[in-house]
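Each reported figure results from applying straightforward, stated rules to the coordinates on display, with no laboratory input. In this text, all values refer to a predicted model and were calculated from it rather than measured experimentally. Every residue, glycine as well, gets a Cβ built from its backbone with ideal geometry; the counts of neighbours run over all protein chains shown.
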Ligand code: IPM
Ligand code: MG
């Protein structure tokens, strides 16, 4: 099969990890007789530097016209000025919105060989296999009004947490569908004791739950959920939540896996064009050193193979190779080893 992939390596360690993930995709293409065509574009700080915009209309159009998008990371101290009119993060948000990818899948699994890398007690980590489904194109990130003004002589800042019923419904349906292929449990996380938007969230979760009686549904308040992620992470299966709660909870959940460098993500919408990215950031402190862990990005390509291209066997092959590599004690610095980004990718490629 033939697929066109837009690469957005971005800033910091982004280009290093994306480069290795492309090598993995090339091996898959030749082994399974597919053709992957890559086109590289700028997004984030590098795009601000070159074009004065974190995401140009042309780049967005190229992404929309491709079969999927692989992103490294965006941001860095160079573009951190709070008064700047554009920021790398704005490009990422505009890309998510422009692609219509409302569902962000962030799986968190703990590899047995990495249990010691986590600050949690080993017995708590046994059997941890969580899929966080974060709503990605609504909520506080996108609601209006938004901005700053002066009111009654006071400087004021406003963000709006807004959700429409259809936005909640479509992600809730996906949560139940995904749960059916797993342990058949959905945890809907909200703040329904305080927020109106959360009461709508809970109402729709309950409705969709009734339509899916074979899946267990529980409602958990976000503060309690953040605690339970540490005290009993193995009790979760699919966790579905709004944008901001999901942003916070997934960073927390990533600690379970020992390193953020290990974790992939997929952002999906109504079409098959998906956005795939590791959950870690641009890591400016180690950028250019060639020591970043490429696994989060490589596992993101496995998600691309599965969700956008429907190539399940190929996806499993990549995941198996990563698993065997970890079992064989190959380690980059973030998980206690000395391998470079390239060497880690070589270890994985050898096992493909
Ligand atoms: C993430 C990141 C982004 C977000 C930032 C970089 C805008 O933290 O993907 O989790 O908040 O969504
Ligand atoms: Mg985040």
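Does the range 26-174 come out rounded, prolate or oblate, given a ≥ b ≥ c as the square roots of the eigenvalues of its C-alpha gyration tensor, rounded meaning a/c under 1.5 and, failing that, prolate meaning a/b above b/c? Since a/c reaches 1.5 but b/c is at least a/b, the shape of the range 26-174 is classed as oblate. Taking packing as the residue-averaged number of other Cβ atoms within 10 angstrom, the listed peptides 294-302, 44-52, 333-341 run from highest to lowest as 294-302, 44-52, 333-341. Backbone N atoms of the range 56-85 closer than 12 Å to the 7 Å Cα→Cβ label point of residue 49 belong to residues 75-79.
Taking a ≥ b ≥ c as the square roots of the Cα gyration tensor eigenvalues, the range 119-257 comes out oblate, since a/c reaches at least 1.5 and a/b does not exceed b/c. A straight line joining the Cα centroids of the range 5-80 and the range 236-279 runs 19 Å. Working note: Cα atoms of the chain, range along each principal axis, descending, whole Å: 59, 49, 40. Under the simplified labelling scheme, the residue 121-residue 177 pair shows an inter-label distance of 4.0 nm, with each label point 7 Å from Cα along Cα→Cβ. Taking label points 7 Å from Cα along the Cα-to-Cβ direction, residue 223 and residue 207 give a separation of 2.9 nm.
Can you give the FRET efficiency for residue 85 and residue 195, using 1/(1 + (r/R0)^6), R0 = 41 Å, r = Cβ-Cβ distance, to the nearest 0.05? Computed FRET efficiency for residue 85 and residue 195: 0.85. The distance separating the Cα centre of the range 150-211 from that of the range 294-352 comes to 33 Å. Taking each residue as 0.36 nm, the span from residue 164 to residue 78 lengthens on full extension beyond its C-alpha to C-alpha distance by 27.3 nm. Subtracting the Cα-Cα distance of residue 310 and residue 234 from 0.36 nm times their residue separation leaves 24.5 nm of extension gain.
Work out the FRET efficiency for residue 184 and residue 58 from their Cβ-Cβ distance, taking R0 = 45 Å, and round it to the nearest 0.05. The computed FRET efficiency comes out at 0.55.
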